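Here's the structure, in structure tokens; my notes come after.
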Amino acid sequence: MLVGIVGKPNVGKSTFFSALTMATAQIASYPFTTIEANRGVGHVRGPCPHSAIGKPCNPNNSLCESGTRFVPIEVIDVAGLVPDAHSGKGLGNKFLDDLRQAHAFIHVVDASGGTDFEGNPVGVGSHDPSMDVTFLEKEISFWIFGILEKDFIKLARQAKVAGKKFEKLLQEKLTGLSITESQILVAIRQSGNDIDASIWKDEELLSFCQALQKISKPMIVAANKADIAPPGMMEKLKATGYPIVSTSAEFELALRKATNAGLIGYTPGDEAFEVTDPGKLNASQTQALDKMAAWLRSSGGTGVQQVLERVVFEVLDMIIVYPVEDETKWVDKQGRVLPDAYLMARGSNAKDLAFKVHTDLGDNFIRAIDGRTHMTVGHDHVLKENDVVKIVARV
């Protein structure tokens, strides 16, 4: 799974990326600091089932700390987007190309209203951040429009004459964008256009692209710099209709660095931290940590970890599932307890999990066994959050 961090320049995208992944990214307060896409790994959290069997787990593809499983998510931070990026302005073409495989976007917005459309610093409260959400929607919609525009009518007529599935031809045209046939069908319905796409005008094609953008590249808004946002800014962002999370990437990055330095005890996403050795702190560090502690108490956290978890668990509606080789001991062939944790779309079944683990398991699927009830289940058994499942396949 790939989550894209998007937004205009100078809103704290690279700080957000670094805070989320602890990967190195160039950070500066001027537009187009990021040119080459940064890739890293963040994690989403869930309760580890190992407590149910009273044994410590042996994670292989994830982490476990104090009973919490951290499942990795690939994250990409791309060059900043400016108005008319779809036509090549700024670094628009590169920005959009880097995002082709993203399953969802975290749109980092300057909630303080302190940067204009181009990412240039202006006075705090001078810019309406909800307008940034609108223009990013437009840019991605026009990007999809540009890919389809040239051959669209030809494809529509070809499907009509040959009796082919129009959504399949469109999906092939959009190869590389991680867009499915079912998403295309939903977008056609939601656009309200005539079922005969061969008679669509540019307006109808654009409305389809706008619907497809929201369906195939769902988005959550990280209202960054919320610690300095003037009153009313959050209400403007909420009016966009997107899920909004107040964030302070700067605070999150500082807390993770302080944790790595052994100054505090902090788990990403927590609402508080503990100073481990006050004697190591100078006066300015103590003052900064006091400020961050106060903001965490008032806001419930820095919001950075929460954004990733909401985009995975709410926007993309994923669940965590644990495949095992032995359904009684919850171990793999090496005897490791609950070694792997997989993210699956809610509604996925046992056979989907088999294919997720390995294509051969899916192709040779016979049945599955629920590790909690020890009951045998079929290929269509719908998975639940935190399921432990053994896949039985032909050898």
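Annotations for the structure displayed:
- Candidate set: segment 8-32, residues that are at pLDDT below 90 and either touching a Lys or Arg at 6+ places or on another chain (Cβ under 9 Å) or among the acidic types (Asp, Glu) (or both); chosen: the one nearest to Phe117 (Cα to Cα): Pro31
- Segment 114-149 - residue that is buried (at least 21 other Cβ atoms within 10 Å of the Cβ) and of a type in the set (A, V, I, L, M) and, of those, farthest from the chain's Cα centre (by Cα): Ile144
- Residues of segment 330-347 satisfying the condition of being assigned to a loop (DSSP other than H, G, I, E, B) and either surrounded by fewer than 19 Cβ atoms within 10 Å (Cβ to Cβ) or at positive phi (or both): Trp330, Asp332, Lys333, Gln334, Gly335, Arg336, Leu338, Asp340, Arg346, Gly347
- Some residue of segment 107-115 being more than 25 Å from Gln306 (Cα to Cα), small (Gly, Ala, Ser) and not assigned by TED's automatic domain parsing to the domain that holds Met344: no
- Among the conditions (1) acidic (Asp, Glu); (2) surrounded by fewer than 19 Cβ atoms within 10 Å (Cβ to Cβ); (3) farther than 24 Å from Phe105 by Cβ, Glu327 misses just one, which is (2).
- Scan of segment 152-176 for residues that are out of contact with any helix residue (DSSP H, G or I) (no Cβ under 7 Å at 6 or more places or on another chain) and under 21 Å from Glu139 (Cα atoms), ordered by number: Thr175, Gly176
- Of the residues in segment 377-393, none is in contact with a Gly (Cβ under 7 Å, 6 or more places away or on another chain), hydrophobic (A, V, I, L, M, F, W, C), touching a residue at least 24 places away in the same chain (Cβ under 8 Å) and closer than 30 Å to Ala249 by Cα.
- Thr259 modelled with pLDDT under 95, under 19 Å from Ser248 (Cβ atoms), buried (at least 17 other Cβ atoms within 10 Å of the Cβ) and of a type in the set (S, T, N, Q): yes
- For segment 369-392, a tally of residues being within 23 Å of Gly335 (Cβ to Cβ) and either surrounded by 17 or more Cβ atoms within 10 Å (Cβ to Cβ) or among the basic types (Lys, Arg) (or both) returns 10.
- Only listed residue being farther than 17 Å from Leu20 by Cα and in contact with a helix residue (DSSP H, G or I) (Cβ under 8 Å, 6 or more places away or on another chain), chosen from Val186, Val221, Val245: Val186
- Subset of segment 83-124 (residues that are closer than 30 Å to Val44 by Cα, hydrophobic (A, V, I, L, M, F, W, C) and at pLDDT below 75): Phe95, Leu96
- Only one entry in Phe117, Phe135, Phe142 is in contact with a Pro (Cβ under 7 Å, 6 or more places away or on another chain), assigned to a helix (DSSP H, G or I), in contact (Cβ under 8 Å) with a residue 24 or more places away in the chain and not β-branched (Val, Ile, Thr), namely Phe135.
The values are calculated or read from the model by the stated rules, or taken from the named source; none is laboratory data. Note that this is a predicted model, so its numbers are computed, not measured. As a convention, Cβ positions derive from the backbone with ideal geometry for all residues, glycine included, and neighbour counts pool all protein chains shown.
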